[in-house]
Amino acid sequence: MNRPSRRDLLRAAPLAAVPLLAGRAGAQRPGEPPAFPGMTVRMHEPRNLETPVAHLVGPDGKTTATEHFYIRSHFAQPTVDMKAWKLRVEGHVETPTEFTLDDLKKLTAVKKGLTLECAGNGRVFLTPAARGLQWGFGGVGTADWEGVALATVLEKAKPKQGAADVVLVGADKGAITADPASPGPIHYDRGIPLDKAVKPECVLAWGMNGQPLTQAHGFPLRAVIGGWYGMAAVKWLTKIVVTDRPHHGFWQTFDYSYFTRSGDLPMLTPVTKIQPKAIITSHTEGQRVAGGNEVTVSGLAWSGESAAKAVEFSGDGGTTWVKVELNAKAEPFVWHPWSVKWTPKRTGPMKLLARCTDAAGNTQPDKRDPDRRTYMINHLIPVEVVVH
Ligand SMILES: Nc1nc2c(c(=O)[nH]1)N[C@H]1C(S)=C(S)[C@@H](COP(=O)(O)O)O[C@H]1N2
Ligand SMILES: [Mo]
């Protein structure tokens, strides 16, 4: 086998070079966490890793292999002492309750395929450049989550009349010092309105793709809030606090918020629902494609609480579009693989685009809405290939 020389690696497109270097045996420097083969490092500590698009879908054609599932952590990963670990449910409830992991496993178990997307996925494409981790297309993944419905756990504690939010609290803790700073060290948390929290797509998961959760993905227990961006999927869950008023916590005001408007009154609003999006996974920026031959372009499409109902493809930067035949009925909460045949008819750079319309009739916008600040990035972003 021909091993690429170091010069070749350095000459490769910057996007491709990072996973190659990160994946090389021996690339780990002393004192650094182990290398994650094939992952793109967005931040070393805390560890934040992006999935290269070619690894988004694993061998089963649907889910992301756990070792390739993106990792987004704001603080150092906490290590949980399983002898002492309990999940406490308290606050505006009739029966404050504590559960060991075994207690939870005795409740009715559920297993669900759910797509998780970071609210900042695609941030690298924003102009002007935005602060925050520079995710490309790969801050997203789908796993089979095994656990108990959040509703089942709430039923045991019995929220009182007037319960508003279900605040999920992680064991990780730290101080955000960049403006807007946190009020000293705080846990990672997120409030979910009770009416969403009791929906079947809200799961407290101890299993991911048939295995116990890994440390990075929230061992021993994490939330997955189907249809909502990843910031609500609190990892290393230790406490659930039911409140009698909306929880205006740090992670849904100073962070993970955007502007909605009624008339011309902008109002800060927590980021919630995943927006429709289609991405191309078969081709990457700058890839060379032979002209005149039919090629298969493939990718993924999803739309939070709705289903990716229609996908369109353009090989010419949006001048003409073709309908993509979806080979299976799309479902809400989970992405849908798609593919289309394309024959490039001229040489030179060509912009490939995919566009998703969901079952509720929402289509991806052409242009970026600045009211979304640095989140919910689903305007059309081309992948430019070079036809030769
Ligand atoms: N406790 C805790 N939970 C967390 C976070 C965190 O930093 N701490 N990050 C959130 C964000 S922003 C995302 S996108 C998802 C990512 O989950 P993953 O690392 O398993 O992909 O976890 C969420 N849950
Ligand atoms: Mo995120």
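Derivation of every value follows stated rules applied to the coordinates shown; laboratory data play no part. Everything numeric here is computed off the predicted structure, so don't read it as measured data. All Cβ positions, even for glycine, are placed from backbone atoms using ideal geometry, and neighbour counts span all protein chains on display.
At a Förster distance of 45 Å, what's the computed FRET efficiency of ASP102 paired with PHE259, Cβ-Cβ distance as r, to 0.05?
My answer for the efficiency is 0.50.
Roughly what angle does helix 14-23 make with the longest principal axis of the chain, taking Cα atoms, 0 to 90 degrees, to the nearest 10?
Roughly 60 degrees, rounded to the nearest 10.
For region 256-271, in order, what is each residue's ³J(HN,Hα) by Karplus, 6.51 cos²θ - 1.76 cosθ + 1.60 with θ = phi - 60°, in whole Hz (x at glycine and Pro)?
Running phi through 6.51 cos²θ - 1.76 cosθ + 1.60 with θ = phi - 60° gives 6, 9, 9, 9, 10, 10, 10, x, 10, 9, x, 10, 5, 9, x, 5 Hz.
How large is the translational diffusion coefficient of region 137-260 in µm² per second when you combine the Kirkwood radius over alpha carbon pairs with Stokes-Einstein at 37 °C and 0.692 mPa s?
Estimated diffusion coefficient is 216 µm²/s.
What is the extension gain from ALA130 to GLU45, computed as 0.36 nm multiplied by their sequence separation minus the C-alpha to C-alpha distance, in nm to one decimal?
Values: separation 85, 0.36 × 85 = 30.60 nm, distance 2.02 nm.
Between ALA130 and GLU45, full extension yields an extra 28.6 nm.
Cα centroids of region 185-230 and region 343-366: how far apart, whole angstrom?
Their Cα centres are 32 Å away from one another.
Taking the chain as a Gaussian network, where each spring joins two C-alpha atoms under 10 Å apart, which residue of LYS273, LYS235, LYS83 fluctuates the most?
Largest GNM mean-square fluctuation: LYS83.
Per 5 Å bin from zero, what fraction in whole % of the C-alpha pairs of region 52-154 is there, up to the bin with the longest pair?
The percentages, shortest bin first, are 2, 10, 15, 14, 16, 17, 12, 9, 5, 1, 0.
Take the chain, connect every pair of alpha-carbon atoms lying under 10 Å apart with a spring to form a Gaussian network, then pick out the residue of VAL324, VAL198, VAL295 with the largest mean-square fluctuation.
The residue with the greatest mean-square fluctuation here is VAL295.
Listed highest first by mean packing, meaning other Cβ atoms within 10 Å per residue, what order do 173-179, 350-356, 266-272 come in?
So the peptides 173-179, 350-356, 266-272, ranked by packing, come out 350-356, 266-272, 173-179.
What does the highest-first list of 181-187, 203-209, 338-344 look like by mean Cβ count within 10 Å?
203-209, 338-344, 181-187
With θ set to phi - 60°, apply the Karplus curve 6.51 cos²θ - 1.76 cosθ + 1.60 along region 163-174 and write out the HN-Hα couplings as whole Hz, x wherever there is a Gly or Pro.
4, 10, 10, 10, 8, 9, 10, x, 6, 6, 8, x
Over all distinct alpha-carbon pairs, what is the Kirkwood Rh of the chain in angstrom?
One decimal place: 22.1 Å for the Kirkwood radius.
First select every other residue whose beta carbon is under 13 angstrom from the beta carbon of GLU285; then total the charges, Lys and Arg +1, Asp and Glu -1. Spell out each step's value before the answer.
Numbers: positive: ARG288, LYS351; negative: GLU384.
Residues near GLU285 contribute +1 overall.
Taking only pairs that are 8 or more places apart or on different chains, how many Lys pairs in region 277-387 have Cα atoms under 22 angstrom apart?
Close lysine pairs found across region 277-387: 17.
Test of understanding: express the Cα radius of gyration of region 277-387 as a ratio to 2.2 N^0.38 Å, with N the residue count.
1.07
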